[in-house]
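Reviewing the structure listed below.
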């Protein structure tokens, strides 16, 4: 994401102009734009004209439009963002108050105006515009006949290809059919790897599977690379890491990222930091339950005692349309930081974030035990957006 202009008044109001440059930037934009904000961008509008003779014709014109945001739709697969609202500025093609949908696209700038830019929104801009935040980890999670080729960024797991090939079962005297099917499957995964993984950015490629599928595929990749003289793959042989996974489904990626044998390879990625933090929470919950709590009510009580060492919070909670509720979460984050605690923001499009969302989206590891919270069983609170 490129920051083109930023002006925030002392009261927190102001505008920011951004240019999305890659797919993940749309995710950041989705987290920044809220109902009630004003969004300005160019759009294509179909205009009907009438000639002097009474005949009508239509043509498409590009115009700059400013809308008051009422609805935001994010397509996670296509990384497309559609924002609907009413026009709030004079425009020769669109009446004041008329509904229009702005499609935000890569390499097309937009300006976002807010009545109040809180700390979470401003941090999101810093994160989005940090050039170090790239998809530097790729993962192929596979089993016989099924594979998911993923790019793991700091904030989301992008499934770039799903390969599903029917492989005949291995029967006595009929191994040839099985082997042919397996080769066909490996070829499809190999092509997806070549097409979707850029070794200019990716620092590590995980190949994960149950059994020996990963080993067979790894061998196949470099046989093919040698045959086709694919210098890029051959030069990057050292970035491939083989690791066990229970299946070839996307959710198996969480256990892959937790594997201590590859932790040193992933030490620099935020994704690994999130997984490690969540594992620490579960370990504390199991061994010292009076030092680990989840749910807004318990976390707030722990914060009142300045007991929070690490706050785990899902970015999903900041997308609620309820202004007071969002402010409550922002104030909680600020308060934890003011008392010296660490805040880990989890992405709801990452396996670790999905898991945190199942725990209400908010959890905390405490500096000291709070038995009175453990005794309080009124933990029926959930965080509804």
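The values are calculated or read from the model by the stated rules, or taken from the named source; none is laboratory data. Every value quoted in this text rests on a predicted model; they were computed, and no experiment measured them. Cβ placement follows ideal geometry from the backbone for every residue including glycine, while neighbour counts extend to all protein chains displayed.
Inspect region 201-210 for any residue being closer than 23 Å to residue 246 by Cα and surrounded by fewer than 16 Cβ atoms within 10 Å (Cβ to Cβ) and give the result as yes or no. Yes, region 201-210 contains a residue that is closer than 23 Å to residue 246 by Cα and surrounded by fewer than 16 Cβ atoms within 10 Å (Cβ to Cβ). Taking the conditions (1) modelled with pLDDT of 90 or more; (2) not assigned by TED's automatic domain parsing to the domain that holds residue 222 in turn, residue 240 satisfies each one other than (2).
Which of the residues spanning region 347-361 are modelled with pLDDT of 90 or more, under 13 Å from residue 277 (Cβ atoms) and buried (at least 19 other Cβ atoms within 10 Å of the Cβ)? Residue satisfying the conditions is 356 alone. Looking at this structure, is residue 71 assigned by TED's automatic domain parsing to the domain that holds residue 27, closer than 29 Å to residue 11 by Cα, in contact with a strand residue (DSSP E or B) (Cβ under 9 Å, 6 or more places away or on another chain) and in a strand (DSSP E or B)? So residue 71 passes the test.
The number of residues in region 18-33 being under 11 Å from residue 125 (Cβ atoms) and over 11 Å from the mean Cα position of the chain (by Cα) comes to 3. Examine region 366-378 for a residue that is buried (at least 20 other Cβ atoms within 10 Å of the Cβ) and modelled with pLDDT of 95 or more, and state whether such a residue exists. Yes - at least one qualifying residue is present in region 366-378.
Considered as a group, the residues in region 222-237 that are surrounded by 14 or more Cβ atoms within 10 Å (Cβ to Cβ) and out of contact with any helix residue (DSSP H, G or I) (no Cβ under 6 Å at 6 or more places or on another chain) include one that is farthest from residue 141 (Cα to Cα), and that residue is 230. Out of the residues in region 30-44 that are within 18 Å of residue 89 (Cα to Cα) and either touching a helix residue (DSSP H, G or I) at 6+ places or on another chain (Cβ under 9 Å) or in a loop (DSSP other than H, G, I, E, B) (or both), which is modelled with the highest pLDDT? That would be 37.
Against the condition without any contact (Cβ under 8 Å) to a residue 40 or more places away in the chain, buried (at least 17 other Cβ atoms within 10 Å of the Cβ), assigned to a helix (DSSP H, G or I) and more than 22 Å from the chain's Cα centre (by Cα), how does residue 328 come out, does it pass? It is false that residue 328 is without any contact (Cβ under 8 Å) to a residue 40 or more places away in the chain, buried (at least 17 other Cβ atoms within 10 Å of the Cβ), assigned to a helix (DSSP H, G or I) and more than 22 Å from the chain's Cα centre (by Cα).
The set of residues in region 274-294 being touching a residue at least 40 places away in the same chain (Cβ under 8 Å) and either assigned to a helix (DSSP H, G or I) or more than 14 Å from residue 366 (Cα to Cα) (or both) consists of 274, 275, 277, 278, 280, 281, 284, 289, 290, 291.
Scan region 45-65 and tell me whether some residue there is part of a strand (DSSP E or B), in the same structural domain as residue 94 (by TED's automatic domain parsing) and under 27 Å from the mean Cα position of the chain (by Cα). No, there is no match, as no residue in region 45-65 is part of a strand (DSSP E or B), in the same structural domain as residue 94 (by TED's automatic domain parsing) and under 27 Å from the mean Cα position of the chain (by Cα). Out of 325, 344, 316, one residue alone is in contact with a strand residue (DSSP E or B) (Cβ under 6 Å, 6 or more places away or on another chain) and either assigned by TED's automatic domain parsing to the domain that holds residue 37 or under 30 Å from residue 77 (Cα atoms) (or both). It is 344. Only one of the listed residues (142, 156) is at pLDDT below 90, touching a helix residue (DSSP H, G or I) at 6+ places or on another chain (Cβ under 8 Å), outside the structural domain of residue 14 (by TED's automatic domain parsing) and more than 16 Å from residue 67 (Cβ to Cβ). That residue is 156.
On inspection, residue 194 fails the criterion of being assigned to a helix (DSSP H, G or I), in contact (Cβ under 8 Å) with a residue 24 or more places away in the chain and touching a helix residue (DSSP H, G or I) at 6+ places or on another chain (Cβ under 7 Å). Restricted to region 112-123, and to residues there that are in contact with a strand residue (DSSP E or B) (Cβ under 9 Å, 6 or more places away or on another chain) and in a helix (DSSP H, G or I), the residue that is nearest to residue 335 (Cα to Cα) is 120.
For the subset of region 247-273 comprising residues that are out of contact with any strand residue (DSSP E or B) (no Cβ under 9 Å at 6 or more places or on another chain) and outside any helix (DSSP H, G or I), which member is modelled with the lowest pLDDT? Going through the qualifying residues, I end up with 268.
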